[in-house]
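Reviewing the structure listed below.
None of the figures in this text is laboratory data; all of them are computed from the coordinates on show. Keep in mind the model is a prediction, meaning the values are calculated, not measured. A quick note on method: Cβ atoms are made from the backbone with ideal geometry, for glycine too, and the neighbour counts reach across all protein chains shown.
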Amino acid sequence: MRSLGRRHCLAALLLLASLGQASDRPALTTSAYIEQLQSYENQTAGLGSTPQNAVAFRDSLPETLTVQTARGELPVDISFLRDAVNRYLTATAGAKPNILANAGSRLKAMRSEAELYEQPDRADDAMRKRLDQILSAREFDRVRGPTALELLKQRIQAWIANLLRKISPKIPDVQDLGQWFVWAVIGLAAAVAGVWLYRVSKQTMSGSREVIPFMPSSRNWREWLADARARAAQGEWRDAVHFGFWAAVSRLESEGAWPPDKTRTPREYLNAIPGSSVSKEPFAALTRRFEVSWYGSRPTTESDFAQFAAHLERLGCR
């Protein structure tokens, strides 16, 4: 049972390590694969005394080793070893022994599993059936190999890593660069959003309050209305809406709809009118059109002003 478990464990490790990327090297038998791992283990350990060999050793490493087994060819990812050598090249003197030791331990574990896989299988059919029942339980449903998206991500990372290594062997690990890139994008997006919000809020604050040098009612609403009609005659519909709005404000203010205040916003004028007032609905329509045309800078047409003038008449601005 223990031997069978180790064999299945190795098979699972090989499947999970698969990158779906064919290797240019011929497939290795299990024994040749073990010898190759032993060679890598020896060369890794030798870097402690001959660090000048690190670059050549790294460049000789493939992304995967293909192993010929009874279940077919299985690619085994050994990119961790290349990454370890890259970290070794850029690490401090105190960190280098630990990097080599970790890489050597992993190679040794892979070799030990492969050696156990070579041993004859003593498990009978009943034990195999029992193991299949265990692996079919619900808790193993999510055990899977890498998805197509994960494989694509790994290939892109490997391509970037190779490109960066050609530029300089001292460039940090591509995974670290990927994290830095993600944080840089997040920071840039946050900065852009902050600038946009600032500009919008600034435009809203400055555009929603128009301070005139006198009380609207100190100028007769008829004068405001005359200016509105003069601009309309010239086809300046936006300005016509602007003067028409102040004609409505001047008329309502002169009738005591609110205390005079030249710093009110259009919405504050509207909110000052009681909900039961007959002036509420037409002034609300005037306010909406005025905000859209004047503050929103949207195109204003002759039809827009005609509707605007109709609401002015309902307020008595004729």
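Would you please give the residues with an amide H less than 5 Å from that of LEU28, counting only those at least 5 places away or on a separate chain, with H modeled from the backbone geometry?
Those lying under 5 Å, H to H, from LEU28 are THR66, VAL67, GLN68.
Go ahead and run the numbers for FRET between LYS166 and LEU188, Cβ-Cβ distance against an R0 of 35 Å, rounding to 0.05.
0.80
Using modelled amide H (1.01 Å from N, peptide plane; none on Pro or chain starts), what sits under 5 Å from the amide H of ILE78, excluding residues fewer than 5 places away?
Result for ILE78 returns THR64, LEU65.
Stretch ARG219-SER112 to full length: gain in nm at 0.36 nm per residue minus the Cα-Cα span? Mind dumping the intermediate values first?
Values: separation 107, 0.36 × 107 = 38.52 nm, distance 9.64 nm.
Net length gain for the segment: 28.9 nm.
Direction-averaged shadow area of the convex hull around the Cα atoms of the range 204-318, nm²?
Working: hull surface 25.9 nm².
That works out to 6.5 nm².
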